[in-house]
Structures are given as C-alpha cells and as structure tokens.
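> Take a look at the following structure, please.
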Amino acid sequence: MSKQSIPVRKFDAVIVGAGGSGLRAAIQLSEGGLKTAVLSKVFPTRSHTVAAQGGVSASLGNSEEDHWHWHMYDTVKGSDWLGDQDAIEYMCRMAPEVVVELEHFGMPFDRTDEGKIYQRPFGGHMSNFGEKPVRRACAAADRTGHAMLHALYQRNVRANTQFFVEWMALDLIRDEAGQVLGVLALEMETGEVVAFHAKATVFATGGAGRIYYSSTNAFINTGDGLGMAARAGIPLEDMEFWQFHPTGVAGAGVLITEGVRGEGGILRNSDNERFMERYAPNAKDLASRDVVSRAMVTEINEGRGCGPNKDFVLLDITHLDPATIMKRLPGIREISIQFAGIDPIKAPIPVVPTCHYQMGGIPTNYKGQVVSPDGTPVKGFYAAGEVACASVHGANRLGTNSLLDLLVFGKSSGDSVIDDVKSGAIALKDLPAGYAERTMARLDRLNTQTGGSNVNETRLDLQRTMQKHCGVFRFKDMLLEGVAKITEIEKAVAKTEIKDKSQVWNTARVEALELDNLIEVAKATLVSAEARKESRGAHVRDDAPDTPENPNGRDDVLWHKHTLWHREGSRLSYKPVTMTPLSVETIALKTRSY
Amino acid sequence: MATSTMLFKIYRYDPDKDEAPYMQDMSVEVDFALDRKLLDILTRLKAIDDTLSYRRSCREGICGSDAMNINGKNGLACLTDISELKQPVVLRPLPGLPVIRDLIVDMTQFFKQYHSIKPYLINEGPRPERERLQSPEERDELNGLYECILCACCSTSCPSFWWNPDKFVGPAGLLNAYRFIADTRDQATNERLDDLEDPYRLFRCHSIMNCVDVCPKNLNPTQAIGKIKELMVRRAI
C-alpha cells in the first residue's frame, strides 16, 4: 500500500479512546457543535472503565461534613507530594460539579435515606486534613464504573456523537513544527488504514497494565496512546510509578474493590491477625494502596501468607451482614464465586497485590493540554484519563480518584479544544509529506516478516520481566538486570511474525501492533525506575531505606521532581513539581504516615 | 499437574480466503489447576493458531465482548467453567447475526435496536444545582436492569429476534427501555410506551424466555417486558 491510497477524513477533533475520559470529552465536543470523530478499539461500553467498582470521589458531604480542601490534602499526601498542586486543586474543586452532572446524565447512584447520592469510605480519604476516614466515594453498588460508562455512552447517543467502533489508532501525525494533525488508524473489520486529519487530537486511550504478568487490567489495556506519543517524540512522565492494587483475586488477578474494606472488610494473615493495625495504626485497612500492598507482601515474605504455598492473604467480610453484602457488594460476591470458588458471605477471599494503574503518562496541564517539558502546550494535542499525567496522582493514586480524573479532565480537555478551535489558536494545517511512511512500513514488515519472533511468547517475556524486576518492592540489581532484559526483548518485538495475513478482523495483527506499544511503556518504566534512587509512593527500593534524614526513604532534596523519559536514546530529563495551587496555600512537604 | 487434552469443534470462516464456513477440530493441553474458564483455553488455542479470531477484553464478565454459542447455548467465554463442558466443545458465533469472521459477528442490528429505544435519561426540567433526589426504594427499581452489559446473548437466543431483527427491539433493548421507564427521574414514560406500542417492536415477544435462560448477569428481560405490557394496559383503562 502506498501513501497515495490512504483515504483522508477531516474533522474538527478526533478523540482516540471511548472509555470514561474519551466519552466525557466527546459529550463536551458534540454538545459544543464541533465535528468530532471518536475512535475505539472496542464498542464504547466495553472500555476498561466498565470494570471500576468502588466509587468516584467528591466532597458532596451527603453523610457527614466534607470539604474539597480536605480532599485536596488527601490527594497531595496520597501522591507522596509528587502530584502537581494546581491540577489537584482543580480536580478536587470540580469534583462535586462533575459528579452531580453525571447524576443528571442518568447515572444510577445508590441513595441515602434522604435520596441523595450514597457515599462510602475509601482508602486514604480523611476528614479535616488527615484526621479520620470520611465517606467521600459516590457509588452505584460495586459497579460504579459500569454504571458510569453506560451513562456517559448514553449521553453521547443523545448528543449524536460519531463513533468509529473497532478502529485501532496506529500513529500520531505530527508536522515539523511539532503540531499534532491527527492520527492514522486501522479499521479492524476491513484492514483499511485511514488518516483522521483534525485540528485537535485528544488521547483518551487508558492505561497499559498489561505490561505486567499479573494485572487487574483488561486485555485491551496495552498503552497504545503512550506508544504513539513516544514514537512521535513526546516524552512520558513519571512512568516508574505503578499502582499495585492490594486486592486482586489470587491466581486470577481479577479486581476486588477497596470498597469492600470501605464497607468493613478486614485483611488477615495466616495467624488470623488483622495485620494492618501494625502498619497503619490510624487508617488500618483503609490506608493508601501502596502502603497496604507493601504490608501484604511483607506479611507473605515473612511467612505469614495463607494457603498451601503461603502466597496470599485473606480479605474477610464474613462478619458483615449478608444483606449489606447483597446490597452494596453484589458484584464482588459474583466475582469471588466465579474466580476464587468461594462465597464471601461464608469464607474469606484469597487476595494478592496486583498491577492496577499507571500514575504516569503523557504530560498535560490541568486544562487537558499536552505540554512540552518547558510547560508550553503542544499545539493540537490533548490527553485525559489514565493515559495522561496532569499530574494529580503523583507517586500513588487514591482509590476513586481515577474515575474523578476522567470526568474532570475529560471535560476540561474538551473545553480546551473548543476554546482553541473557536479562538483560531489551532487550524487545519496540511498533512506533511510522507506522514504515513513509518506506519505503513510497520504494517508491511508484519505482513512480510519470516523467521521472526512469536508475539505471544515475546509478550509473556515482557510481562514476566516487568513482574520480576519492577514489582511492589524494587531492588537495585534487579532493576539494572531488568533494563538489560527489556532491551533484549525490544529486539524481539522489532521482528515479530504473525501467521495470519488476512485483512479481515486480523486479531494477530492487532496484538502485534499492541506489543509495539507495550514495549515502549515497559522500557520507559524500567529505565525511569532504575534511575530514581529514592523511595516514594509506589516506587520503593531496597537501597533507599527509611532513615532520619530521609523518612520512608524519600529524598526530597534530590528527587522531589518529575521524571521525563524520551524514547530517542532512552534519555531521561526532569522537571519540577508544581507546589503552587490555584487559590489556596501550598500543602508543604511532610512525612507521610497513616 | 492435572493436565489433560480438551477437544473442540470450532466454527471457522475467513472471508479473505474461505469460500464457505467450516467446523475445525482443535485440541489443546489444559492444566486444570491454572485454567478455569473457556476464555483461558481460547487464549491457549490462539497461541497455537493465531488466525483463530474472537473478541475479548475484561475477562471478568463485565465488558460483554466474548459472547458466543457454547455447546448450543449462548454465554460469555470468560464466565464459562471448563469443568462443566461436554467434549468436544462446540463453539459457534452468536446465532442470528451476520458472521464477519470465525466467532466474530456483525452486531450493527443489535445496537441499532438498542439505540432505537432512546437509551438515555430524558428530563427536560431545569437542572437543579445538586443531584435529583431519588429514594432508596425508587432506586431499587433499577436493580436487575442497569446491570445489562450489552453482550447480546439474550437477543441472539430469541427466535422472535432471529425472524425480525429489523423490527423487533429484542430482549436487551426492551430491558433497557424499561430501565428508563422505571427511573423516577425520567419524564418520557408516555413517549417511550407510544414508541413500543407496535405489533413488532414489543409484541413479537412471546415469552419463550430463552433470554432469561442465557443471561450471564442473571437478568430477566421477560419480566421487564411484562412490566412494560402491564403499564400499557394500565394507561389504556
């Protein structure tokens, strides 16, 4: 296929990804009258937002006093002070508005006796600047993500949004000046490649949890937006920070929401001890996720794991009223029966920390604009949700802040696009010569490669390497070895071979193209993690221990800064953390404890 | 390790090279200690033959991607226990929709019917500053309705949908129609009932109840359809 044969379709805006943030941005653009295309690898309601369970945070104060400023404090503390305080303030202040808006869109939230949105406690959410747990997580049973994604899709049906379903974006189109002009995308049903030429391109492609062997993430979470951005010369921010969710079903990896502990669930070791009391005397089982995951791994490593191999701990809700379980946690009960073979009303659930969420991503500001290392927006390029790094999650995300992130920044990115298009700040520039060459060469290679590497085996190699070398606890030697290994795996990725050459719904081709993205994310993660010689949030190293000068191993003198990984030469640079909020005082650096 | 060989008969069709669909015998070593679900086995089969095509995503029964016909009954591969399957396991695409390739069907008609019921909250009143109030009891009316994952297991097991996929809304669409009728915040009940009062759109349902039998989320479209009919009768008198 030559580039002349590539059809070009023109839009005001193209959104890549139809999960929560893509759909929220699409509502803004469709209702704002912009000609918008939304591309998605899967039918919108199959996006991974659908699997979120516990809730979306907002200081509505429906059950007890709450304030966005407390929410902001918790988020900064949860981020281990790596989050940007302007973006965090913006998100927490906007939370009540976007959650109420979602209710107006039709979201079937659970209700309090007064008929208001039901709220439950969640890890790290406290009242009065860290005092005691507060009910801030707005929930629809334990199916909040499902209810939210469907409500957002339904609102888009109302707004007549134009979807391109089962299209995979392959590469960003960027001109010499660095302006983003759209994407090249593959229609899975026909194998046809089309250029989506747009004034604005919004990435809402979600995370890349599939770089790990054991992951709560869906098969589709392959970091496509990160791969595309990296190949187009956009650096990736803070990629060493990955959240391991404390409660994945042992063996299966399927998520069990933190809302289970919000409703009163307790973690126990083989001595039947509620061990979190030792690690977080105040918040206990509702400490931040990184803290709980490390406690669990420590218990297992010290021989207090459960089961024949002593390799998991137990999540116990047998003391809760079965009626509460049936009403507030029905999905969890289904999952436990399906994937652990136990009914949590009668027996505790075997759980292990499981890769769940990427805190890092494409650098953006709180308006959803992608920014260069110096902070100036990249013309025509926007990102929101898990693919973006605003940065509101810093070194560790609080539970329920991901669903909030995608509402707030989905909306703000949409608004920024409207502003930039209407003010004429971005216009439709001509596509540069040869814009499709690199992409078509990649597809041609896949069609003609012989004697190459197997996609499935190479992906497993990558996932096992990440699992072993860059997990909950990180070790200097293992990180160094991991970087060397991933560099080897990169060579195998460059010569993957597929047997399927069909143009029609070629899933082998899609998986090979996804692997091209996974490798960029894996490499960014390992290289960034190896370089960061401190412990902060989810990144904890053996050679950065807890000392009086550096409590918890955090080194604010040398490492209170954001990492930027540049694909070219696998180079790192750094940028300062924004400590100045929009309207309130800075939340000053402090030792983090729960 | 408790490994054994599992036998499959799988519907294969690639319009790029096959003149007609055919059933292919496939077999795979299964480790019953590791593999629980049919989707785990499909992943193993695909590692052997990368041309085998099917949709999948969340692998936990919430995204609705991997619906297929398993030993004659519609279900999700990710929620189907392999220990319960009679061998050879016969896998076919969902019945009644055009096949694109292997186990992948064209779902256009299914979604067209879903979209036809205006699947969104209609409330043209002034937007309050806070949430619209709804009592816990009113909210409970949505249970068993809002959980639909649009996997199409129900509609593609319904003979009425097979005969009139263009005219009969089908169990999934009707369940969702009732989800909005039952929502105290929605103001369009009359318009919704008008739209469904039609010999085909609603009344092709003959309570065969295949939909209830196959729903992987244990929802009951027949009951929802019954409630819509009840409301029509009630407003007529």
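Derivation of every value follows stated rules applied to the coordinates shown; laboratory data play no part. This is a predicted model, so every value here is computed, not measured. Quick reminder, even Gly has a Cβ in these numbers, built from the backbone with ideal geometry, and neighbours come from all protein chains shown.
> When the helix-only estimate is applied to chain A (DSSP H runs of n ≥ 4, each -39,500 (n - 2.57), divided by the residue count), what is the mean residue ellipticity at 222 nm, nearest 500 deg cm²/dmol? Intermediate results must be reported in sequence, preceding the final value.
Values: 16 runs with 201 residues, N = 594.
Calculated at 222 nm, the ellipticity per residue is -10500 deg cm²/dmol.
> Roughly what % of DSSP beta bridges within chain A run antiparallel, to the nearest 5?
Values: 47 of 72 bridges.
About 65 percent, rounded to the nearest 5.
> Calculate how many DSSP beta bridges within chain B are antiparallel, expressed in % of all such bridges and rounded to the nearest 5.
Working: 19 of 22 bridges.
Given both bridge residues lie in chain B, the antiparallel proportion sits at roughly 85 percent.
> For a quick check: with amide H placed at 1.01 Å from N, whose amide H comes under 5 Å from B:Val28's, ignoring anything fewer than 5 positions away on the same chain?
B:Met6
> Which ³J(HN,Hα) values in Hz, rounded to whole numbers, follow from the phi angles of segment A:365-373 under the Karplus curve 6.51 cos²θ - 1.76 cosθ + 1.60, where θ = phi - 60° and Gly and Pro get x?
Once θ is set to phi - 60°, the couplings for segment A:365-373 become 9, 6, 8, x, 7, 6, 10, 6, x Hz.
> Continuing with the same structure: Work through the residues other than B:Glu147 whose Cβ is under 9 Å from its Cβ and net out their charges, Lys, Arg +1 and Asp, Glu -1.
Spelling it out: positives minus negatives among the neighbours equals +2.
> So what are segment A:43-175's ellipsoid semi-axes, whole angstrom, largest first, if each one is the square root of 5 times an eigenvalue of the alpha-carbon gyration tensor? Mind showing how you got there, number by number?
Values: eigenvalues 167, 88, 31 Å².
So the equivalent ellipsoid measures 29, 21, 13 Å along its semi-axes.
> How large, in Å, is chain B by the Kirkwood hydrodynamic radius built from its alpha-carbon pairs? Each step should come with its number before you reach the end.
Numbers: mean 1/r = 0.0513 Å⁻¹.
Its Kirkwood hydrodynamic radius stands at 19.5 Å.
> Quick one: helix B:170-181 against the long Cα principal axis of chain B, what's the angle to the nearest 10°, folded into 0 to 90?
40
> Here is a further query. Count neighbours as other Cβ atoms within 10 Å of each site's Cβ, and list the GluC sites (Glu not before Pro) in segment A:485-592 that are DSSP loop with at most 11 such neighbours. Mind dumping the intermediate values first?
Numbers: sites: A:Glu488, A:Glu490, A:Glu497, A:Glu511, A:Glu514, A:Glu520, A:Glu530, A:Glu534, A:Glu549, A:Glu568, A:Glu585; in loops: A:Glu534, A:Glu549, A:Glu585.
When the GluC sites (Glu not before Pro) of segment A:485-592 are filtered for loop state and at most 11 Cβ neighbours within 10 Å, A:Glu549, A:Glu585 remain.
> Lysines near B:Lys167 by alpha-carbon distance under 26 Å, same-chain residues fewer than 8 away left out - which ones?
Within reach: B:Lys73, B:Lys112, B:Lys118, B:Lys217, B:Lys227, B:Lys229.
> Quick check: the angle from helix A:144-158's long axis to the longest principal axis of chain A, C-alpha only, nearest 10 degrees?
Once rounded, one gets 40 degrees.
> Using the Karplus curve 6.51 cos²θ - 1.76 cosθ + 1.60 with θ = phi - 60°, work out ³J(HN,Hα) for each residue of segment A:501-517 in order, rounded to whole Hz, and write x for Gly and Pro.
Taking θ as phi minus 60°, the curve returns 10, 5, 7, 9, 6, 7, 6, 5, 5, 4, 5, 5, 5, 5, 5, 4, 7 Hz for segment A:501-517.
> Tell me, which longest segment in chain B has none of the GluC sites (Glu not before Pro) that fall in DSSP loops with at most 12 further Cβ atoms within 10 Å? List each step's numbers first, then the result.
Details: sites that count: B:Glu19, B:Glu124, B:Glu129.
So the longest stretch without any such site is B:130-237.
> What whole-number distance in Å separates the alpha-carbon centres of segment A:141-183 and segment A:49-75?
25
> Tally Lys/Arg at +1 and Asp/Glu at -1 over every other residue whose Cβ is under 10 Å from the Cβ of A:Gly251; what's the total?
Details: positive: B:Arg36; negative: A:Asp311.
Summing Lys/Arg as +1 and Asp/Glu as -1 gives 0.
> Among A:Leu431, A:Ala441, A:Val455, whose Cα sits farthest toward the positive end of the charge dipole of segment A:384-456 (+1 at Cβ of Lys/Arg, -1 at Cβ of Asp/Glu, about the Cα centre)?
Result: A:Val455, furthest along the dipole toward the positive end.
> Further question: Go through A:Phe339, A:Gly251, A:Gly303 and say which Cα lies farthest out towards the positive end of the charge dipole of segment A:247-340; charges sit on Cβ, +1 for Lys and Arg, -1 for Asp and Glu.
A:Phe339
> Provide the per-residue ³J(HN,Hα) series for segment A:172-185, in order, calculated from phi with Karplus coefficients 6.51, -1.76, 1.60 and θ = phi - 60°, each as a whole number of Hz, with x at glycine and proline positions.
6, 9, 9, 8, 5, 6, x, 6, 8, 10, x, 9, 9, 9
> Then there's this: Hey, which of these cross-link pairs are over 28 Å Cα-Cα: A:Lys533/A:Lys590; A:Lys429/A:Lys495; A:Lys411/A:Lys575?
Long pairs (Cα-Cα over 28 Å): A:Lys429/A:Lys495.
> Counting only trypsin sites (Lys or Arg not before Pro) that are in a DSSP loop and have at most 12 other C-beta atoms within 10 Å, tell me the longest site-free stretch of chain B. Working shown, then result.
Numbers: sites that count: B:Lys17, B:Lys86.
Longest site-free region, per DSSP loop and neighbour criteria: B:87-237.
> State the Cα centre-to-centre distance between segment A:384-435 and segment A:485-522 in whole Å.
Using only Cα atoms, the two centres lie 27 Å from each other.
> Need the C-alpha centroid separation for segment A:308-370 versus segment A:523-575, integer Å.
So the separation of the two Cα centres works out to 29 Å.
> Using the charge dipole of segment A:291-424 (Lys, Arg: +1 at Cβ; Asp, Glu: -1 at Cβ; taken about the Cα centre), state which of A:Ile317, A:Thr400, A:Val291 has its Cα farthest towards the positive end.
Of the candidates, A:Ile317 comes out farthest on the positive side.
> Based on Cβ point charges of +1 for Lys and Arg and -1 for Asp and Glu, what charge dipole magnitude is obtained for the protein assembly as shown about its Cα centre, in debye rounded to the nearest 20?
Details: 98 positive and 109 negative charges, 149 e Å.
That gives a dipole near 720 debye.
> What percent of all Cα-Cα pairs in segment A:535-578 falls in each 5 Å bin, counting up from 0?
Per 5 Å bin, starting at zero, the Cα-Cα P(r) for segment A:535-578 comes out as 6, 20, 23, 21, 18, 9, 3, 1 percent.
> Where in segment A:4-40 are there trypsin sites (Lys or Arg not before Pro) that are in a DSSP coil and have at most 16 other Cβ atoms within 10 angstrom of their Cβ? Spell out each step's value before the answer.
Values: sites: A:Arg9, A:Lys10, A:Arg24, A:Lys35; in loops: A:Lys35.
Hits after loop and neighbour filter: A:Lys35.
> Follow-up. Bin width 10 Å, origin at 0, all Cα-Cα pairs of segment A:145-211: what percent of pairs per bin?
In whole percents, the pair-distance histogram is 17, 37, 38, 9, 0.
> Would you mind working out the magnitude of the charge dipole of chain B relative to its Cα centre, with +1 at each Lys and Arg C-beta and -1 at each Asp and Glu C-beta, to the nearest 20 Debye? Working shown, then result.
On the way: 31 positive and 35 negative charges, 69 e Å.
In total the dipole reaches around 320 debye.
> Using a 10 Å cut-off around each Cβ, can you sort A:His69, A:His393, B:His206 from fewest to most neighbouring Cβ atoms?
Details: A:His69 19, A:His393 31, B:His206 10.
Final ranking by Cβ density, sparse to dense: B:His206, A:His69, A:His393.
> Regarding the protein assembly as shown, what's the average projected area of the Cα-atom convex hull, expressed in nm²? Can you show the working numbers first?
Numbers: hull surface 132.6 nm².
That works out to 33.2 nm².
> For chain B, what does the helix formula give at 222 nm: sum of -39500 (n - 2.57) over DSSP H segments with n ≥ 4, over the residue count, nearest 500 deg cm²/dmol?
Details: 8 runs with 71 residues, N = 237.
Result for chain B: -8500 deg cm²/dmol, rounded to the nearest 500.
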